[in-house]
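First the structure, in the form of structure tokens, and then the observations on it.
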Amino acid sequence: AAGVIQSPRHLIKEKRETATLKCYPIPRHDTVYWYQQGPGQDPQFLISFYEKMQSDKGSIPDRFSAQQFSDYHSELNMSSLELGDSALYFCASSLPGGAGYGYTFGSGTRLTVV
Amino acid sequence: KQEVTQIPAALSVPEGENLVLNCSFTDSAIYNLQWFRQDPGKGLTSLLLIQSSQREQTSGRLNASLDKSSGRSTLYIAASQPGDSATYLCAVNRDDKIIFGKGTRLHILP
């Protein structure tokens, strides 16, 4: 079965650089969620999209932005990177009415800022 | 504000034992609860999803229960194996956003 695809798997950037993470949801899933997991931490909600519109926003820094495209894939853009942005970034997707169907997570992108 | 607590934070047991992982949440108005498994540096694998109207779900050696009124869920693992070693995360869903607990790091001793 198709899963949530995230790219790249690993990314190394220097401070103050920009990074773009991509997420391809499971076919027919129209809702995408982004989470950040720091070392030894639980995943923290960043932002979500439903039908290409932002549906909710969590603890996402102003330096970060995201969007969902017409094919439902999503991109998380991170600018002016800081050392503290080093983390695992997960994308999850769900069916319409996602609350009742649970969430499927991708394998994540490990971002290292040096 | 919803808070999710998992106890214990870490657990080591000999292979073959049955074990229980606990999850509690402060706001009982949830849509559902999911248990995930995470191997070090890896993604989140969904194990079981329990709807708010359900009491338990089973998958193989795993059984998860939900008592929404008391804000508790347990994950029961039968006949544990070394391959079960991982971090187990409980997550509650409300308002179409899931809140994770900090997880239980499980180590099964061969």
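The values are calculated or read from the model by the stated rules, or taken from the named source; none is laboratory data. Here the structure is a predicted model, which is why all the values come from computation and not from measurement. Heads up, the Cβs are rebuilt from the backbone with ideal geometry, glycines too, and the neighbour counts pull from every protein chain shown.
Points to keep in mind about this one:
- In the set (1) modelled with pLDDT of 95 or more; (2) among the polar types (S, T, N, Q); (3) more than 11 Å from the chain's Cα centre (by Cα), B:GLN2 fails one condition alone, (1).
- Checked against the criterion of being over 30 Å from A:TYR50 (Cα atoms) and either within 14 Å of chain A (Cβ to nearest Cβ) or crowded, with 20+ Cβ neighbours inside 10 Å (or both), the candidates B:THR104, B:THR87 yield just one match: B:THR104.
- Residue, nearest to B:THR104 (Cα to Cα), within region A:23-66, restricted to residues that are under 10 Å from the mean Cα position of the chain (by Cα) and of a type in the set (A, V, I, L, M, F, W, C): A:PHE45
- Per-region count, region A:38-92, residues crowded, with 22+ Cβ neighbours inside 10 Å and among the β-branched types (Val, Ile, Thr): 1
- Residues of region A:10-24 that turn out to be outside any strand (DSSP E or B), touching a Ser or Thr at 6+ places or on another chain (Cβ under 9 Å) and not hydroxyl-bearing (Ser, Thr, Tyr), as a count: 3
- When A:ASP71 is tested against (1) on the phi > 0 side of the Ramachandran plot; (2) free of Cβ contacts under 8 Å to residues at least 60 places away in the same chain, exactly one condition is not met: (1).
- In region A:1-30, the qualifying residues are those that are touching a Pro at 6+ places or on another chain (Cβ under 7 Å) and surrounded by 14 or more Cβ atoms within 10 Å (Cβ to Cβ), and the one that is modelled with the lowest pLDDT is A:ASP30.
- When A:ARG9 is tested against (1) within 14 Å of chain B (Cβ to nearest Cβ); (2) over 13 Å from A:GLY106 (Cα atoms), exactly one condition is not met: (2).
- Residue match in region A:72-87 (condition: within 14 Å of chain B (Cβ to nearest Cβ) and not in a loop (DSSP other than H, G, I, E, B)): yes
- Residues being assigned to a strand (DSSP E or B) and more than 18 Å from B:GLN34 (Cβ to Cβ) - total across region B:61-81: 0
- Tallying residues that are part of a loop (DSSP other than H, G, I, E, B) and either more than 14 Å from every other protein chain (Cβ to nearest Cβ) or among the aliphatic types (A, V, I, L, M) (or both) within region B:47-60 yields 2.
- Residue in region B:34-46 that is among the β-branched types (Val, Ile, Thr) and more than 12 Å from every other protein chain (Cβ to nearest Cβ) present: no
- Meets criteria (closer than 22 Å to B:ARG94 by Cβ, away from chain B (no Cβ under 12 Å) and aliphatic (A, V, I, L, M)) for A:ILE47: no
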